[in-house]
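Comments concern the structure below.
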Amino acid sequence: IYLNVAAALEDTDTIKAKEYALKSLEIRKSNNAYQILAKIARDNKDYKLSEAYLTEALKYSPSIDWEAFILHELSQTKTLLGKHEEAARISKEVIRLRDSVEYIQARDSIKELQMAADIEYKNNITIEKKNNHIAIIAISLSVIILITIGGYVTKRRKMKQAIEVANKKAEKEAQKAEKARKEKEDI
């Protein structure tokens, strides 16, 4: 809370902002509090104090991005102090860090793209396997249906043939019976 209040007041009420930034440092050291104090000192043209605060802020920098930002401010402060060689050296370090940040971000982006591609590939394989299973099931069911229909047609054809054979036998028997009856009548 102290740090947020100090950040809100750093441009309007520097005395209160400094008090709150110092209270924040009593609770927990942070680069943000030191940066606020450095900005206030630089605005008051106390460049040595600003340099000291920025040097301390570097110790609590949570990431390369923050470190590059703090070093940039430190480079500007050293330029104001007339330490141009140190400012140039720090500027080179800032450029190196920013290049590192860009490299890390690019590497992370590539990793994310690779992970997304891997997930997409796995999803495609899963979908393909499911489609293959569905195709196998559909083909199996089609074969079963065709075999059943073929068996039914064959059985029906045999039944028709059996009925025709039975009808022919019945006709022959009827003819024999008729012939036998005629012979009997003749006799």
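The values are calculated or read from the model by the stated rules, or taken from the named source; none is laboratory data. All figures in this text were calculated on a predicted structure; none of them were measured in a lab. Positions of Cβ are generated from backbone atoms using ideal geometry, with glycine treated the same way; all protein chains shown enter the neighbour counts. Quick note on the areas: whole protein, heavy atoms, side chains included, nothing else; ligands and nucleic acids left out. Shrake-Rupley method; radii C 1.70, N 1.55, O 1.52, S 1.80 Å.
What are the residue pairs meeting all of these: first residue in the range 1-16, first residue at negative phi and open to solvent by less than 60 Å² (accessible area, probe 1.4 Å), second residue polar (S, T, N, Q) and not in a helix (DSSP H, G or I), Cβ atoms under 7 Å, and 6 or more apart or on different chains?
Between residues of the range 1-16 that are at negative phi and open to solvent by less than 60 Å² (accessible area, probe 1.4 Å) and residues that are polar (S, T, N, Q) and not in a helix (DSSP H, G or I), the close pairs are L3/S30.
How many of the residues in the range 17-36 are under 16 Å from L54 (Cα atoms) and touching a residue at least 24 places away in the same chain (Cβ under 8 Å)?
The number of residues fulfilling the criteria is 8.
For the range 3-47, how many residues are more than 14 Å from Y60 (Cβ to Cβ) and of a type in the set (A, V, I, L, M, F, W, C)?
The total comes to 10.
Starting from the range 156-175, take each residue that is part of a helix (DSSP H, G or I) and list its partners that are open to solvent by 100 Å² or more (accessible area, probe 1.4 Å), counting only C-beta distances under 7 angstrom and pairs at least six apart or across chains.
none
Can you tell me which residue within the range 49-60, out of those that are open to solvent by 50 Å² or more (accessible area, probe 1.4 Å) and hydroxyl-bearing (S, T, Y), is farthest from I15 (Cα to Cα)?
Y60
Of all residues being open to solvent by 50 Å² or more (accessible area, probe 1.4 Å) and among the β-branched types (V, I, T) in the range 62-96, which is nearest to K48 (Cα to Cα)? Just the residue, please.
Among residues in the range 62-96 that are open to solvent by 50 Å² or more (accessible area, probe 1.4 Å) and among the β-branched types (V, I, T), the one nearest to K48 (Cα to Cα) is T79.
Can you tell which of E183, E128 is assigned to a helix (DSSP H, G or I), among the charged types (D, E, K, R) and loosely packed, with under 10 Cβ neighbours inside 10 Å?
E183
How many residues does the range 17-39 contain that are hydrophobic (A, V, I, L, M, F, W, C), crowded, with 23+ Cβ neighbours inside 10 Å and either within 39 Å of the chain's Cα centre (by Cα) or more than 24 Å from D65 (Cβ to Cβ) (or both)?
The qualifying residues number 2.
Suppose the filter is at pLDDT below 85, basic (K, R) and surrounded by 10 or more Cβ atoms within 10 Å (Cβ to Cβ); does K111 pass it?
The answer is yes for K111.
Quick check on this structure: which one of K184, K155, K160 is out of contact with any helix residue (DSSP H, G or I) (no Cβ under 7 Å at 6 or more places or on another chain), at pLDDT below 90 and of a type outside the set (S, T, Y)?
K184
Given the criteria open to solvent by 50 Å² or more (accessible area, probe 1.4 Å) and at pLDDT 80 or above, does D46 qualify?
yes
Need the failing condition index for K176 against (1) open to solvent by 100 Å² or more (accessible area, probe 1.4 Å); (2) modelled with pLDDT of 90 or more, just the number.
(2) is the only condition that K176 fails.
Could you give every pair whose Cβ atoms fall below 6 Å, whose first residue belongs to the range 76-97 and is basic (K, R), and whose second residue is open to solvent by 60 Å² or more (accessible area, probe 1.4 Å) and outside any loop (DSSP other than H, G, I, E, B), counting only separations of at least 6 or pairs across chains?
Between residues of the range 76-97 that are basic (K, R) and residues that are open to solvent by 60 Å² or more (accessible area, probe 1.4 Å) and outside any loop (DSSP other than H, G, I, E, B), the close pairs are K78/E86.
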